[in-house]
Amino acid sequence: MRVAMLAAALCVGVAFFQTALRAQSDCTSSQTTKSKININTADLSTLETLPGITPTLAQKIIDGRPYKNSADLMKVDGMTKSKISGIRKHISFSSGTTAKKKKSSTSEESAATKSSEESTGVASSSSKSEAPTPTGRASGKMAPGEKINLNTAGVDELERLPGIGPSRAQAIVDYRSQNGPFKSPEDVMKVKGIKSGEFSKLKDYIKLSD
């Protein structure tokens, strides 16, 4: 009688132990499944946690997405059968939005910003180069030996003379229209705003005839 009771108790204990062991195994399996890394959606830092996966290799994996199975990973440069074997139980291939490397996005923004700054710099430089100077237009530097005819030159050409801005150039043209051609270089001092000081700066650059 006692033997039968002991046998029954032993059977119950074994059954209970097997049930507990099976439950623990199922729980472990469930945790493993939940902790698997999705190759198609994981970011760079997550991929680096996989065995044997370096930052460079992780980036290559991201660049080659999406993957259908472990065999697809063989297409990645640097991935070997041994590496794939080492990470197979830690990964999954569910479809989803592919995570992008934040660094790449930052690099693109930086490049765009740099391009914008360079464009602004060119525009600023161009604006400065076109600014008028006290001696007339920026593009109006006189060539050595060059002289401008006071009796035929227009406003734009007269502005190239030292000390002659838009208003004085227009005054020369108006004087010429009202009083006729200049008879001597000194006659330009009859124009309003042009005195002996201004004449001394431009006398070497003017003429009355070809």
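Worth a mention:
- Lys68 modelled with pLDDT under 90, in contact with a Phe, Trp or Tyr (Cβ under 7 Å, 6 or more places away or on another chain) and surrounded by fewer than 12 Cβ atoms within 10 Å (Cβ to Cβ): yes
- Number of the exception - Ala99 against (1) modelled with pLDDT under 90; (2) over 30 Å from Ile61 (Cβ atoms); (3) surrounded by 11 or more Cβ atoms within 10 Å (Cβ to Cβ): (2)
- Scanning region 193-203 for residues that are loosely packed, with under 11 Cβ neighbours inside 10 Å and either touching a residue at least 12 places away in the same chain (Cβ under 8 Å) or outside any helix (DSSP H, G or I) (or both) returns a single hit, Lys195.
- Residues within region 172-186 that are under 17 Å from Lys203 (Cα atoms) and crowded, with 18+ Cβ neighbours inside 10 Å, tallied: 2
- Residues being under 18 Å from Met142 (Cα atoms) and of a type in the set (Phe, Trp, Tyr) - total across region 152-210: 2
- Any hit, region 114-126, residues being surrounded by fewer than 10 Cβ atoms within 10 Å (Cβ to Cβ), under 30 Å from Ile206 (Cβ atoms) and modelled with pLDDT under 90: no
- Some residue of region 145-168 being surrounded by fewer than 13 Cβ atoms within 10 Å (Cβ to Cβ), among the charged types (D, E, K, R), under 54 Å from the mean Cα position of the chain (by Cα) and assigned to a loop (DSSP other than H, G, I, E, B): yes
The values are calculated or read from the model by the stated rules, or taken from the named source; none is laboratory data. Just so you know, these numbers come straight off a predicted model, no measurement behind them. Reconstructed Cβ throughout: ideal geometry from the backbone, glycine too, with neighbour counts over all protein chains shown.
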